[in-house]
Amino acid sequence: MNVSPPVRAVLFDAAGTLIRLREPVGDTYARLARPFGVATRADQIEHAFRAAWQQMPPMLFPSAPPERTVELERAWWRNVVATTFRSADEAAEFSDFEQYFNLLFAHFAQPSSWRATEDAAEVLAALRAHGLRTGVVSNFDHRLKSILDGLGLRALLDMIVLPADAGALKPDARIFRVALSQLDVVESEAAYVGDDAERDIAGARAAGLRAIDVATLQPFTTLLHTLGIAAP
């Protein structure tokens with residue numbers, strides 16, 4: 001009988017798993033747009049944003065030097081925002097779109113715009129107390145590290161891998177492999193917790209990791225039981 005090796009590392013998605021927005025995207029876009037003369041409804045923006053985000057090319061810049069990554073990620077998001085409003089409301093005219101985008105981009109960089117998933121810190125601390133390595137594999141941009149830091153989660157993580165670090169986005173197995181290499185574990189010794197069926201669950205499984213849908217973890221501390229770890 002084949003026996004699976006014990007889990008030595010647990011990796012997590014970021015947005016939607018370890019952290020969550022305090023306000024829906026559409027609400028934030030709409031609220032910050034009003035002082036710039038745009039009154040598009042939040043629900044229209046939310047729908048348009050999701051479509052724009054899905055249709056954008058990957059946020060990868062393999063031919064660019066590393067020092068330009070931050071600038072290119074920011075330009076990528078500017079395109080998302082501009083496309084969102086073109087789709088949501090063709091009549092929308094900003095008094096100063098550049099200033100609006102600067103404000104919006106800075107808003108989502110602030111830890112105060114996010115909240116840690118309930119019990120996330122407790123779970124990360126318990127995993128580490130039991131000798132497991134922890135990390136994040138996310139399709140987020142450079143702002144994630146400071147967000148996790150501000151929410152008190154970064155100190156509970158052994159590593160964070162972003163697309164710019166791996167030259168790949170989930171569900172590409174390469175981004176998972178970069179994380180596993182940094183943690184010095186093999187695929188069968190790692191679990192991945194995420195919320196997206198394709199990028200997280202299917203991607204992790206295809207890469208050889210044990211995949212766990214965060215929706216099955218109610219409360220989040222259920223993860224410890226799932227992994228056979230006693231709660232503190």
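The values are calculated or read from the model by the stated rules, or taken from the named source; none is laboratory data. Keep in mind that this is a model prediction, so the values were computed, not measured. Methodologically, a virtual Cβ is constructed for each residue, glycine included, from the backbone with ideal geometry; neighbour enumeration extends over all protein chains shown. Side chains are part of the model used for accessible areas, which takes the heavy atoms of the whole protein and leaves out ligands, DNA and RNA. Shrake-Rupley method; radii C 1.70, N 1.55, O 1.52, S 1.80 Å.
Details
- Folded to 0 to 90 degrees: helix 120-129 orientation relative to the chain principal axis, Cα: 30
- Whole-percent carbon and sulfur share, accessible surface of the chain, 1.4 Å: 50
- For the chain, share of DSSP beta bridges that run antiparallel, in % to the nearest 5: 15
- For the range 18-84, alpha-carbon Rg and Dmax in angstrom: 14.0, 39
- Over the chain, DSSP H runs of length four or greater, each weighted -39,500 (n - 2.57), average out per residue to a 222 nm ellipticity of -12000 deg cm²/dmol.
- Local electrostatic count at T222 - Lys and Arg +1, Asp and Glu -1, tallied over other residues with Cβ under 13 Å: -4
- Legend: translational diffusion of the range 89-186 by Stokes-Einstein, Rh = Kirkwood radius over C-alpha pairs, 4 °C, 1.567 mPa s; D = 83 µm²/s.
- Helix 173-183 and the longest principal axis of the Cα set of the chain meet at an angle near 60°.
- Dipole axis of the chain (+1 Lys, Arg; -1 Asp, Glu on Cβ), positive-most option in L183, T28, Q44: L183
- In a simple Cβ point-charge model (Lys, Arg +1; Asp, Glu -1; nothing else charged), the chain has a dipole of about 280 debye relative to its Cα centre.
- The C-alpha atoms of the chain define a longest principal axis, and helix 69-88 lies at about 60 degrees to it.
- Using a probe of 1.4 angstrom and keeping all protein chains present, the accessible surface of the chain works out to 49 square angstrom per residue.
- Using a cutoff of 8 angstrom between alpha carbon atoms and counting only pairs six or more residues apart, the relative contact order for the range 1-108 works out to 30 percent.
- Isotropically averaged projected area of the chain, using the convex hull of Cα atoms (one quarter of hull area), nm²: 13.4
- Quotient of Cα Rg and 2.2 N^0.38 Å for the range 142-232, N being how many residues it contains: 1.11
- Estimated Rh, the range 54-100: Kirkwood, alpha-carbon pairs, angstrom: 12.2
- Taking other residues whose beta carbon is less than 11 angstrom from the beta carbon of F12, and scoring Lys, Arg as +1 and Asp, Glu as -1, yields -3.
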